[in-house]
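The values are calculated or read from the model by the stated rules, or taken from the named source; none is laboratory data. Everything numeric in this text was worked out from a predicted model, so none of it was measured. So basically every Cβ, Gly included, is an ideal-geometry build from the backbone, and we count neighbours across all protein chains shown.
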Amino acid sequence: MKKSSKMKNLTVKCGSVEISNSNSFCLIAGPCQLETEQHAMDMSGKIKEITSKLGINFIYKTSFDKANRTSLKGKRGIGLEQSLPIFDKIKKEVNVPILTDIHNIEQCSIIAKHVDILQIPAFLCRQTDLLIAAAKTKKIINVKKGQFLSPYKVKNIIDKILTTGNNNILITERGNSFGYDNLVSDMRAIQIMQEFDFPVIYDATHSAQVPGNFENTTSGHREFIPGQVRAAVATGCDGIFMEVHDDVDNALSDASTQWPLKELEPLLVSMLEFRRTYLSNG
């Protein structure tokens, strides 16, 4: 699994976590949305326990507002004001870095004081003003590549962010639209985007979605997630992004594609074994 000779092996540091397009590895994981303070504390603590045991760098993800729900009936989260003190509590008591989504320029400077990574949602990945405002906070920016976008066009997104002097950039592959209401993962995209010299993360759970398959919600195929994780690892991704929940059937959003907490450790163990095999074979 050799990188291109053009690769600079740039490292993005998130506290004690290093995300690199060399041979380091990290997991970005947590529930789709921040449901309650206790649930967030429990989930961040339990995932940290698993990743610490396995020696995996861990960044906790959760969303205060899922602003792009399929329907107005969809649960969006507890909102910005209630979430900020919970982010602070997780950072202090669980001691893990935090990633969350932003949706407009006004949120950037507010949220940047409470989290480590600002995430640009896939549907907003070309919004210049949002990219610039987020980058000016000097926080790490994780851009979800839009389902409608070729991996080659990600270079334009990166160039927008770099105009601010912020080079703390992650790019996340989360599947491409394939006809109506379907996604496929083209693993070539990981290597193509790595040529732009920034770490590339693979979003294993959103890539398993079937957008708008139900009238008011997005469905998906959780059973494909392990195979997609192994394919992304074999391709050489620099980290895995997964939404994880302790009660997937009753999750407030993306219930069909969040990965069950009780099955997280076995999946990570198999992923690490698979990765070691590919690394040893070059």
Can you tell which of 127, 191, 119 is out of contact with any Phe, Trp or Tyr (no Cβ under 8 Å at 6 or more places or on another chain), among the polar types (S, T, N, Q) and under 17 Å from residue 33 (Cα atoms)? 119
Residue check, residue 181 at pLDDT below 95 and of a type in the set (D, E, K, R): yes
May I ask you to list the residues in the stretch 223-258 that are touching a Pro at 6+ places or on another chain (Cβ under 9 Å) and of a type in the set (A, V, I, L, M, F, W, C)? 237, 244, 248, 251, 252
I'd like to check which helices (runs of 4 or more DSSP H) are fully inside the stretch 125-238 and have at least 1 residues that are of a type in the set (Ser, Thr, Tyr) and farther than 20 Å from residue 11 by Cβ. 128-136
Within the stretch 113-120, identify whether any single residue is more than 29 Å from residue 92 (Cβ to Cβ) and acidic (Asp, Glu), and answer yes or no. no
Just to be sure, is residue 233 under 17 Å from residue 56 (Cα atoms), modelled with pLDDT under 95 and crowded, with 18+ Cβ neighbours inside 10 Å? yes
Report, ordered by the first and then the second residue, all pairs with beta carbons closer than 6 Å, sequence separation of six or more or different chains, a first member in the stretch 37-60 that is of a type in the set (A, V, I, L, M), and a second member that is assigned to a helix (DSSP H, G or I) and at pLDDT 95 or above. 40/86; 50/264; 50/265; 54/268
Per the filter on the stretch 239-274, residues surrounded by 21 or more Cβ atoms within 10 Å (Cβ to Cβ), of a type in the set (Ser, Thr, Tyr) and either touching a residue at least 60 places away in the same chain (Cβ under 8 Å) or part of a helix (DSSP H, G or I) (or both) are 253
